[in-house]
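Peer 1: Have a look at the structure that comes next, please.
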Amino acid sequence: MVAMPSDRPIVIGVAGRIGSGKSAVAHTLEREFGFQYLRYSMVLAEWFTVDPEDKPRLQEVGGEVMAGDGQQELNRRLIALMERGRDVAVDGLRHPVDHKSLRAEFGGRFALIFVDTPLDIRRARTRERFNTDDAFLAADARPVESNIEQLRHLAAAVISGTMAAAELSAELQRLIAAFRQGIST
């Protein structure tokens, strides 16, 4: 696929439960459509000097940020990393404040995609990271994950996390075109 023209840059946030395929969606936006890729956990890792591969610790830090009312600061730091004039894919929205912050900053140029994937598929995708069902369910129930479902009703689109790569690319191309069309000129 060819990158779409970004004369009207857009910011697409991607939300979903653990193992839903959020990163696959955001990386497809990066790889096939030329979006800058940002992830909330990258910002947390830098802010709190945490190994970006230590997902349990990042979940813990993310929960502390949410509980301590630091979600707005997290969003401020994320927005500061965005390259102006370029389309951006933001992987891992977890809280309605994330949506509110991005909407306040970018208005109609911000759209949220919610990735919906059945529990059994999410569990299978994360089997290497969580070697037991209990470990997966415990991670999925952590406080940092507790607000994700609230984002579903804020999404401009809910897509299946079970699409094949070609189907995902086609759906994203359609959504990008629709999001661009929805921006008033």
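The values are calculated or read from the model by the stated rules, or taken from the named source; none is laboratory data. All of these numbers come straight from a predicted model, not from anything done at the bench. Cβ coordinates were reconstructed from backbone atoms using ideal geometry, including for glycine residues, and neighbour counts include every protein chain displayed.
Peer 1: Can Arg8 be described as touching a residue at least 40 places away in the same chain (Cβ under 8 Å), among the basic types (Lys, Arg) and farther than 26 Å from Leu119 by Cβ?
Peer 2: Taking the combined requirement at face value, the residue satisfies it.
Peer 1: I would also like to ask the following. Among Leu154, Leu172, which is more than 30 Å from Gly68 (Cβ to Cβ) and out of contact with any Gly (no Cβ under 9 Å at 6 or more places or on another chain)?
Peer 2: None of the others qualify; the one that does is Leu172.
Peer 1: Give the residue, chosen from Leu58, Leu44, Leu102, Leu112, that is at pLDDT 95 or above, part of a helix (DSSP H, G or I) and surrounded by 20 or more Cβ atoms within 10 Å (Cβ to Cβ).
Peer 2: Unique residue meeting the criteria: Leu102.
Peer 1: Additional query: From the set of residues in segment 5-41 that are at pLDDT 95 or above and among the hydroxyl-bearing types (Ser, Thr, Tyr), which is surrounded by the most Cβ atoms within 10 Å (Cβ to Cβ)?
Peer 2: Ser20
Peer 1: Regarding Arg86, is this residue modelled with pLDDT of 95 or more, surrounded by 13 or more Cβ atoms within 10 Å (Cβ to Cβ) and more than 15 Å from the chain's Cα centre (by Cα)?
Peer 2: So Arg86 passes the test.
Peer 1: Looking only at segment 55-63, decide whether some residue is over 16 Å from the mean Cα position of the chain (by Cα), farther than 20 Å from Thr126 by Cβ and of a type outside the set (A, V, I, L, M).
Peer 2: no
Peer 1: If you go through segment 15-29 one residue at a time, do you hit one that is closer than 15 Å to Arg94 by Cα, among the polar types (S, T, N, Q) and not in a loop (DSSP other than H, G, I, E, B)?
Peer 2: Checked segment 15-29: at least one residue is closer than 15 Å to Arg94 by Cα, among the polar types (S, T, N, Q) and not in a loop (DSSP other than H, G, I, E, B).
Peer 1: Cβ-Cβ distance below 9 Å, separation of 6 or more or different chains: which pairs start in segment 129-144 with a residue that is farther than 14 Å from Gln59 by Cβ and of a type in the set (Asp, Glu) and end on one that is modelled with pLDDT of 90 or more and assigned to a helix (DSSP H, G or I)?
Peer 2: Every condition considered, the pairs that remain are Asp133/Arg123.
Peer 1: Tally time: how many residues in segment 77-99 are closer than 24 Å to Pro52 by Cβ and not in a strand (DSSP E or B)?
Peer 2: 14
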